[in-house]
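Have a look at the structure below, then the notes.
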Amino acid sequence: MKKSFVYGVAVDGENFTDRVDESRRLIRNFENGQNVILISPRRMGKTSLVRHVITKVDTSIVAVVYLDIYDCRTEYEFYNKLVSALLKQTSNKGELLLQNIKEFLTRLTPKISFGPDPGNEMSVSLGITPRDYSPEEILQLPEKLAQKIGKHIVVCIDEFQQIGSFTDSIALQKRIRGVWQLQQNCSYCLFGSKKHMLADLFQNKRMPFYQFGDILFLQPIPTADWTPFIIRKFEEKGQKITVDQVARICDTVENQSSYVQQLAWNVMLCSDTEVSDGAIDTAVNDLIDQNSLLFIQQTEGLSQYQLNFLKAMAAGETDDFTSAEVLKKYNLGSKSNISRIQETLIKKELIEKDGKSVRFADPVFRLWMLR
Ligand SMILES: Nc1ncnc2c1ncn2[C@@H]1O[C@H](COP(=O)(O)OP(=O)(O)OP(=O)(O)O)[C@@H](O)[C@H]1O
Ligand SMILES: [Mg+2]
């Protein structure tokens, strides 16, 4: 049976909804050579959005290349991934790929293998090392390739925050930005999930990527846009769900995209032809259970004070943690403790801070803490 709701992987086609304005803005940026930075909390839909946009841009003027650097640990792992994505995704045929490799990487003898069937994925292992090519030469490659194919190239780099963990990261970022900002025929779309790391990379005046491009903070998909999507999916299975019930699903998970789909799927599983409010209760409980293993892991190493702080938040405290009453009620230690606790919890991505007030990064984590 085809699953009505999909979560945990990037979605497209009939599983992708809304994002009309965001898509338009990205398409405009891509087609006009404007660099873009896309930031959001986890699982909000960055990868899905960019992949969606890739299918919509005018391919007669731009070629979009997508890569995910989640598993890159070093500068040259990143370069290898960048170059092979570039060459592969701009060459529709194997011969062209070979030709491009010969033309652009004369100092290499790469390994290329093809799948067993025609039209299958080719896999390229370039093995570029610092002995073969300097970083600057590699970073210039997109520009040279763009000139050759006569199109603007947009390079989309997913999980870009990974760069921040490479050795000598700041020097590397300076090097990359130095080359990229002079390029005429390529632009970049950089995005990822670790919000505080990305914010530091792009919004900190002292960092090389400060003001590199148009920053887009991806917001949750509004309930009004989820409503027709979810109602239709239920109808397709001969089930009825009301507008209010959809709103409850969205509210429960604060419209976080992946959870909306997961919870809607849970609701569908515990319902017959008509969704009852009781079924939603059960589905919410299931959702908490399904995620609890992860939450246990995330809280395992926390100190008692840090746990108490999370409990205080779950109980509804939002800002005044340093008052004598709150400190005592939740056993948070001394007043000077609070900012340190918050800092650690922000680093661990459990909470987020806007101005003075803090909130849980993950809406289901909050429900789990409450339970
Ligand atoms: N436009 C959309 N329409 C419907 N569902 C969506 C949409 N965008 C995201 N989702 C839901 O959210 C899930 C996560 O999407 P995606 O992987 O694109 O997010 P992400 O922000 O890239 O996540 P991560 O932080 O893990 O990289 C999808 O599996 C899907 O359930
Ligand atoms: Mg993603």
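Points worth noting:
- Scanning residues 5 or more positions from D214 or on other chains, those with amide H under 5 Å from its amide H are N35, V36, I37, with H placed 1.01 Å from N in the peptide plane.
- Rolling a 1.4 Å probe over the protein heavy atoms of segment 19-217, with every protein chain left in place, gives an accessible area that is 48 percent carbon and sulfur.
- For segment 258-371, the carbon plus sulfur part of the accessible surface works out to 48%, probe radius 1.4 Å.
- Scanning residues 5 or more positions from V65 or on other chains, those with amide H under 5 Å from its amide H are V154, V155, C156, with H placed 1.01 Å from N in the peptide plane.
- Classified by the C-alpha gyration tensor, segment 301-370 has a rounded form. Its axis ratio a/c, with a ≥ b ≥ c, is below 1.5.
- Reach of K174 by Cα under 22 Å, taken over lysines that are not fewer than 8 positions away in the same chain: K81, K144, K194, K195, K205
- Cα centroid separation, segment 334-361 to segment 269-310: 22 Å.
- Rh by Kirkwood over Cα pairs, then Stokes-Einstein D for the chain at 0.890 mPa s and 25 °C, µm²/s: 106
- Note on segment 268-349: percent of Cα-Cα distances in each 5 Å bin, starting at 0 and stopping at the bin with the largest distance, equals 3, 13, 19, 16, 13, 10, 10, 8, 5, 3, 1, 0.
- Normalised per residue, the volume of the convex hull around the Cα set of segment 19-217 (Å³): 123
- Per residue, in Å², the accessible surface of the chain once ligands and nucleic acids are set aside, probe 1.4 Å: 50
- Rolling a 1.4 Å probe over the protein chains gives R28 an accessible area of about 140 Å².
The values are calculated or read from the model by the stated rules, or taken from the named source; none is laboratory data. Computed from a predicted structure; not experimentally measured. Ligands, DNA and RNA are excluded from the accessible area calculation, which covers all protein heavy atoms including side chains. Shrake-Rupley method; radii C 1.70, N 1.55, O 1.52, S 1.80 Å.
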